[in-house]
Amino acid sequence: MMTRSIRQKIEKRLLKKRIIDSNGCWIFTGHLNNKGYGVIHYDQGHIFVHRLSMKLYRSDEYSDNLNVLHKCDIRKCFNPEHLFMGTQSDNIRDCVVKGRHKSGFAGDFKRWNVK
Ligand SMILES: [Zn+2]
């Protein structure tokens, strides 16, 4: 469990590297990993800033066993209101809904409509 002073220290570091965009996203201006997620030194290692944000601001919902996912689809966003806990399969389903994974079906469907 995080003590109050550690919590305040880490929160300060996090908020120093925040810009809020017009969508309300908290854009992390610090180091991003190769996938575009914000990372910060924490507890002798690294932690994703969106995970840390969930841990700080919505600790009652936070679980180490679940993924922290973005509703807004902005990987470097760490607004706790834009995050939710989910499993890996939620993540994949989420991608499908948002159209990141194209199925072959759309292509076939078009072909059937050729006049
Ligand atoms: Zn966002």
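The values are calculated or read from the model by the stated rules, or taken from the named source; none is laboratory data. Nothing here was measured: the structure is a model prediction, and the numbers come from that model. Neighbour counts are summed over all protein chains in view; Cβ atoms, including those assigned to glycine, are modelled from backbone coordinates with ideal geometry.
What are the residues in segment 57-98 that are of a type in the set (A, V, I, L, M, F, W, C) and surrounded by fewer than 18 Cβ atoms within 10 Å (Cβ to Cβ), if any?
Quick first cut of segment 57-98, residues of a type in the set (A, V, I, L, M, F, W, C) only: 66, 68-69, 72, 74, 77-78, 83-85, 92, 95-97.
Within segment 57-98, Leu66, Cys72, Phe84, Met85, Ile92, Cys95, Val96, Val97 qualify.
With Tyr42, Tyr37 as the choices, which residue is out of contact with any Gly (no Cβ under 8 Å at 6 or more places or on another chain) and either within 22 Å of Ser89 (Cα to Cα) or within 16 Å of the ligand (Cβ to nearest atom) (or both)?
Working: Tyr42 fails: either within 22 Å of Ser89 (Cα to Cα) or within 16 Å of the ligand (Cβ to nearest atom) (or both).
None of the others qualify; the one that does is Tyr37.
Looking at segment 81-98 only, could you name the residues that are modelled with pLDDT under 95 and in a helix (DSSP H, G or I)?
The answer is Gln88, Ser89, Asp90, Asn91, Ile92, Arg93, Asp94, Cys95, Val96, Val97.
Please determine whether any residue of segment 16-26 is touching a residue at least 60 places away in the same chain (Cβ under 8 Å) and either assigned to a helix (DSSP H, G or I) or more than 11 Å from the ligand (Cβ to nearest atom) (or both).
Keep residues of segment 16-26 that are touching a residue at least 60 places away in the same chain (Cβ under 8 Å), which gives 18.
Applying the additional criterion that residues be either assigned to a helix (DSSP H, G or I) or more than 11 Å from the ligand (Cβ to nearest atom) (or both) yields 18.
Yes, there is a match, as at least one residue in segment 16-26 is touching a residue at least 60 places away in the same chain (Cβ under 8 Å) and either assigned to a helix (DSSP H, G or I) or more than 11 Å from the ligand (Cβ to nearest atom) (or both).
Restricting attention to segment 42-56, and to residues there that are out of contact with any Leu (no Cβ under 9 Å at 6 or more places or on another chain) and free of Cβ contacts under 8 Å to residues at least 40 places away in the same chain, which single residue is surrounded by the most Cβ atoms within 10 Å (Cβ to Cβ)? Before you say what the answer is, go through the steps one by one.
First, pick out the residues of segment 42-56 that are out of contact with any Leu (no Cβ under 9 Å at 6 or more places or on another chain): 43-48, 55.
This time we only want the ones that are free of Cβ contacts under 8 Å to residues at least 40 places away in the same chain, so: 43-48.
Details: Asp43: 10, Gln44: 5, Gly45: 7, His46: 12, Ile47: 16, Phe48: 21.
Only one residue fits best here, namely Phe48.
Of the residues Asp64, Asp73, which is within 16 Å of the ligand (Cβ to nearest atom), more than 16 Å from Arg18 (Cβ to Cβ) and part of a loop (DSSP other than H, G, I, E, B)? Write out each step before concluding.
Details: Asp64 fails: within 16 Å of the ligand (Cβ to nearest atom).
When all the criteria are applied, what remains is Asp73.
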